[in-house]
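Engineer: Next up is a structure, given as structure tokens.
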């Protein structure tokens, strides 16, 4: 198995273990004490590192398990109220999972050029981190999402080609 695949499985196992620990603590505390804030951990970590599907799975699974616990404790609260609370908790966790996944996706897409770029004064090549001099266009394409297209500005057109056809 490849290293990224085994890392992904390991992370999923961690989130499942964390969810089980949260649910175990919730069950052991009984019907009157609730730990809904702890439900955030598996939802957020699952969505951030393993994707939206895992975040949504935890967002749905944890409130449903809590509802099953409440039903098994007999008489801790009316089943209707427990169902409404679980539905609210599910909706809040679902929105959170979608938001966290979207934020993680956007951060992965961001590529920013920072710092001082050493550039040759004559040929405009840029020195990369391996002391290789690469053309400016290649450097920008390799280090950002931008693509470079060539053109000619009006000033250079006039300077190098003079007055042609009323330009």
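A short reminder: the numbers here are calculations on the coordinates, not readings from a lab. On a predicted model such as this, the values are computed, not experimentally measured, just so you know. With ideal geometry, Cβ positions are generated from the backbone for all residues, glycine too; neighbour counts draw on all protein chains shown.
Engineer: So for the range 112-167, averaging the separation of alpha carbon pairs under 8 Å that are six or more residues apart and normalising by length, what relative contact order in percent results?
Structural biologist: Here the relative contact order equals 20 percent.
Engineer: log₁₀ I(q)/I(0) of the chain at q = 0.09, 0.10, 0.13, 0.18 Å⁻¹, via Debye over equal Cα point scatterers, no solvent, to two decimals?
Structural biologist: Treating every Cα as an identical point scatterer, log10 I(q)/I(0) equals -0.56, -0.61, -0.78, -1.09.
Engineer: At 222 nm, what value in deg cm²/dmol follows for the chain if DSSP H runs of at least 4 each add -39500 (n - 2.57) and the sum is divided by all its residues, to the nearest 500?
Structural biologist: -21000 deg cm²/dmol
Engineer: Using alpha carbons only, how many angstrom separate the centre of the range 99-150 from the centre of the range 9-75?
Structural biologist: 41
Engineer: While we're on this one: Could you order peptides 116-123, 80-87, 44-51 by the average number of other Cβ atoms within 10 Å of their residues, highest first?
Structural biologist: Top to bottom by mean Cβ count within 10 Å: 44-51, 80-87, 116-123.
Engineer: If contacts are Cα pairs under 8 angstrom and at least 6 residues apart, what is the relative contact order of the range 3-109 in percent? Don't skip to the end; give the middle numbers.
Structural biologist: Details: 101 pairs, mean separation 30.2, N = 107.
Rounded, it is 28 percent for the range 3-109.
Engineer: Enter the angle in degrees (range 0 to 90, nearest 10) between the Cα long axis of helix 40-50 and the first principal axis of the Cα atoms of the chain, meaning the one along which they spread out most.
Structural biologist: 40
Engineer: Can you tell me which of 62, 93, 107 moves the most in a GNM of the chain? Springs connect C-alpha atoms under 10 Å apart.
Structural biologist: 107
Engineer: A further question follows. In the Gaussian network model of the chain, springs joining C-alpha atoms below 10 Å, which of 102, 124, 66 carries the largest mean-square fluctuation?
Structural biologist: Largest GNM mean-square fluctuation: 124.
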